[in-house]
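Take a look at the structure set out below.
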Amino acid sequence: IRRPPRSTLSSSSAASDVYKRQIVFISSAGLFRYPPGDALSVAPKATIEHLIKGIAKEEGVNGVRAHSIALGVIDAGIFHRLLNEENTFFDEAWHEAVLNNLALKRFGQADEVSETALFLASSKAAYITGHCIPVDGGYHL
C-alpha cells in the first residue's frame, strides 16, 4: 500500500483539500483536429496528454485525479497580441475560416476555460479522471 504524497499546501479546511491532488493541464483542440501550421504547438501537448492519462491511471489509488482541457480559440491574452501583429496569418480570412469551423460560431471566453478547470478540480468531478475536455466551440466535431 502506497501512502498518498503529502501536500506542500497547508489548510485547516477540508473543502480546500479537494484541490490538493488535482492536475488540470491546459492543452490544445488540435489534439482532436489538426490545425494546419500548428505542429510545433500540438505535438508536445499530445505527449503531455498521454502523461496525464498515465498519471490518472497510476496515481488514482492515491487520490490523484488528472485531466486536461483542449482549448480552441479563446478571445483573450496571446490571441489579441497575435491579431495585432503585422505579417501574421491571423488576418480577416483566417478569422472567418476559423469561425466557419466552429459549431457555436464564436470564440471562447477566458471565464469559460476557468470554470471548466475549477469544475474538474472540484469535488463535483470526484469520479472523473483521465479525460481531456474540449473547450473549443465545437471545433473538434
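A few points about this structure:
- At least 20 Å along the helix axis (C-alpha) and Kyte average at least 0.0, DSSP helices within the chain: 39-59
- Rel. contact order, % - alpha carbon contacts under 8 angstrom, at least six apart, segment 38-141: 40 percent
- Rounded to whole numbers, the Karplus 3J(HN,Hα) couplings from phi for segment 128-140 are 10, 7, x, 10, 10, 9, x, 10, 9, x, x, 4, 6 Hz, using 6.51 cos²θ - 1.76 cosθ + 1.60 with θ = phi - 60°, and x at Gly and Pro.
- Pair N100, I78: separation of 7 Å Cα→Cβ label points (nm): 2.6 nm
- Summed over qualifying helices (DSSP H, 4 residues or more, each -39500 (n - 2.57)) and divided by its residue number, the chain shows a 222 nm mean residue ellipticity of -11000 deg cm²/dmol.
- Here the spin labels are modelled as points 7 Å beyond Cα on the Cα-Cβ line, and at A39 and E115 they lie 3.8 nm apart.
- Fraction of accessible area attributable to carbon and sulfur, the chain (%, probe 1.4 Å): 59 percent
- Recomputing Cα extents along the principal axes in Å from the coordinates shown identifies the correct label among (i) 42, 35, 29; (ii) 100, 30, 24; (iii) 56, 28, 26 as (iii).
- The largest accessible area among L51, L141, L82 belongs to the first residue in L141, L51, L82, and the rest follow in falling order (1.4 Å probe, all chains).
The values are calculated or read from the model by the stated rules, or taken from the named source; none is laboratory data. Owing to the predicted nature of the structure, the values given are computational and were not obtained by experimental measurement. Cβ sites come from the backbone with ideal geometry, for glycine too, and all protein chains shown count toward neighbours. Remember, those area values only see protein heavy atoms, side chains included, never the ligands or the DNA or RNA. Shrake-Rupley method; radii C 1.70, N 1.55, O 1.52, S 1.80 Å.
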